[in-house]
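The values are calculated or read from the model by the stated rules, or taken from the named source; none is laboratory data. Computed from a predicted model, the values in this text were never measured in an experiment. Neighbour counts are summed over all protein chains in view; Cβ atoms, including those assigned to glycine, are modelled from backbone coordinates with ideal geometry. The area values use the complete protein model at the heavy-atom level, side chains included, leaving out ligands, DNA and RNA. Shrake-Rupley method; radii C 1.70, N 1.55, O 1.52, S 1.80 Å.
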Amino acid sequence: MEYPPNTGARGAQPLDLPITIGTGLIIEIVNIKQRIKSSLVGMEQGRYLIIRISEKDLIGNFRSDQVKESPMIVRYLYNGTVYGFRSSIVNIVTVPAKLFFVTYPSKLEEFTALSHSRHECILPAVTMVGNDFVDMVILDISKQGCLCMIKTANPGDDTLYGAVQVNKTIDIKVQFPGAEGRFGLMGKIRNVSKDVGKILLGVQFENMPPDLKAQLDGFLALIAKKG
């Protein structure tokens, strides 16, 4: 779904973005096919946004021509909805922090985290983040991936969010209804978003063995019938 700019009697008005300062973002730098975590630290409506790059997400030569000249796709979570827009870099600052000044979007889109048929569900699961076990819930799932939610006890503590890296491999332990034992869903984190009290992870499955694929197919067939 696309949201065109507001228009008035005197012509087009700047788009009113549903976003707040401090919102976590995922930037896809198209030319180098890389996604990095960042956050919105400022904006001038209709002119530009200021985006700070996470210190833990290094992208090589930060000011290379490949980066500076690349189109960008920016995605973020706001009030439970994943939004996104296309942009480009206006300027790059390295001191005192790594900042992108990017063009203000003319339209807003809703992006889905997964392709193909997705099925809503509530599957308790667990994974490892660093040296700690972290409980999560799988909110929807398909043959290609899933969307997971981690509840955070302290909304002001970004430690867990900072430890979750885009493109990092993740092992999600889950038990399918009617199956014995837990299965390990291996995949790569493709999107990370945060909202009040929760973190959302979009995961793309990889290297799934035949027995696990059969269990997943059976579960998908079961919930598809219920739907």
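Observations on the structure shown:
- The local environment of Q144, defined by Cβ-Cβ distances under 15 Å, has a net charge of +2 under the rule Lys, Arg +1 and Asp, Glu -1.
- Cut-off 14 Å between beta-carbons: net charge of the residues surrounding V203, Lys and Arg +1, Asp and Glu -1: +4
- 15 Å beta-carbon shell around P96, net charge (K/R +1, D/E -1): +1
- Summary of packing: across the peptides 142-152, 88-98, 212-222, the per-residue average of other C-beta atoms within 10 Å ranks them, highest first, as 142-152, 212-222, 88-98.
- Accessible surface of T169, taken over heavy atoms with a 1.4 Å probe and every protein chain present, rounds to 80 Å².
- Packing-based ranking, highest mean first, of 126-136, 179-189 given that Cβ atoms within 10 Å are counted: 179-189, 126-136
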